[in-house]
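Encoded as structure tokens, the structure appears first; notes follow it.
The values are calculated or read from the model by the stated rules, or taken from the named source; none is laboratory data. In this text the structure is predicted, and so the values were computed from the model without any measurement. Positions of Cβ are generated from backbone atoms using ideal geometry, with glycine treated the same way; all protein chains shown enter the neighbour counts. When the accessible area is computed, the model is the full protein with side chains, heavy atoms only, and any ligands, DNA or RNA have been set aside. Shrake-Rupley method; radii C 1.70, N 1.55, O 1.52, S 1.80 Å.
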Amino acid sequence: VQLQASGGGLVQAGGSLRLSCAASGDTFRRYTVSWFRQPPGKEREFVAAVRWTGNTNYRDSVQGRFSISRDNAKNTVYLQMNSLKPEDTAVYYCAADQGVILSQLGNARQYDYWGQGTQVTVSS
């Protein structure tokens with residue numbers, strides 16, 4: 001599976017962006033796909049996940065502001081980000097794996113496939 005992340009940019013606080021993660025491969029629908037982010041000078045952190053069942057999970061700080069979804073016909077996962085805050089500034093990565101269990105969704109080491117990252121900058 002190859003992943004291509006896109007949609008990042010510069011936005012003012014309170015604004016919105018939609019990130020896309022386009023994947024190759026006809027078994028994409030069987031994969032859990034997650035978004036991680038790496039703020040400047042910090043460790044990579046989990047943002048959101050959508051499992052092959054369609055179930056979703058979010059980190060607490062984005063709950064209610066971000067929404068992850070998937071379109072299996074287009075082999076694409078989206079991250080809709082609303083009410084953006086300066087602390088959301090980071091490089092955002094999508095990641096995919098077939099075997100991630102629920103308790104390990106936030107563990108980056110569990111994912112075999114990664115996109116190249118897209119920069120999101122939120123100005124105050």
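Residues within the reach of a label modelled at Ala13 (point 7 angstrom out along Cα to beta-carbon, backbone nitrogen below 11 Å), restricted to the range 81-106, are 84-88. Mean sequence separation of contacting Cα pairs (under 8 Å, at least six apart), scaled by the length of the chain, corresponds to a relative contact order of 36 percent. Taking a sphere under 12 Å around the Cβ of Trp35 and counting the other residues whose Cβ falls inside, with K and R at +1 and D and E at -1, yields a net charge of +3. Taking Cα centre as origin and charging only the Cβ of basic (Lys, Arg, +1) and acidic (Asp, Glu, -1) residues, the dipole magnitude of the chain rounds to 140 debye.
Bridge orientation summary for the chain: considering DSSP beta bridges with both residues in this region, about 90 percent are antiparallel.
With the charge dipole of the chain set up from +1 on Lys and Arg Cβ and -1 on Asp and Glu Cβ about the Cα centre, the Cα lying farthest toward the positive end among the listed residues Leu17, Pro86, Thr121 is that of Leu17. Of the peptides 109-120, 63-74, the ranking by mean beta-carbon count within 10 Å, highest at the top, reads 109-120, 63-74. When the chain is described by a simple charge dipole with +1 on each Lys and Arg Cβ and -1 on each Asp and Glu Cβ, the residue from Leu105, Thr53, Pro40 located farthest towards its positive end is Thr53.
If I take every Cα pair under 8 Å that is 6 or more residues apart in the range 1-66, average their sequence separation and divide by the length, what percent do I get for the relative contact order? In percent, rounded to a whole number, it is 21.
Leaving ligands, DNA and RNA out of it, report the carbon-plus-sulfur percent of the accessible area of the range 75-124 at a 1.4 Å probe. Carbon with sulfur: 45 percent of the solvent-accessible area. For the pair the range 1-61 and the range 78-92, the centres of their Cα atoms are 10 angstrom apart.
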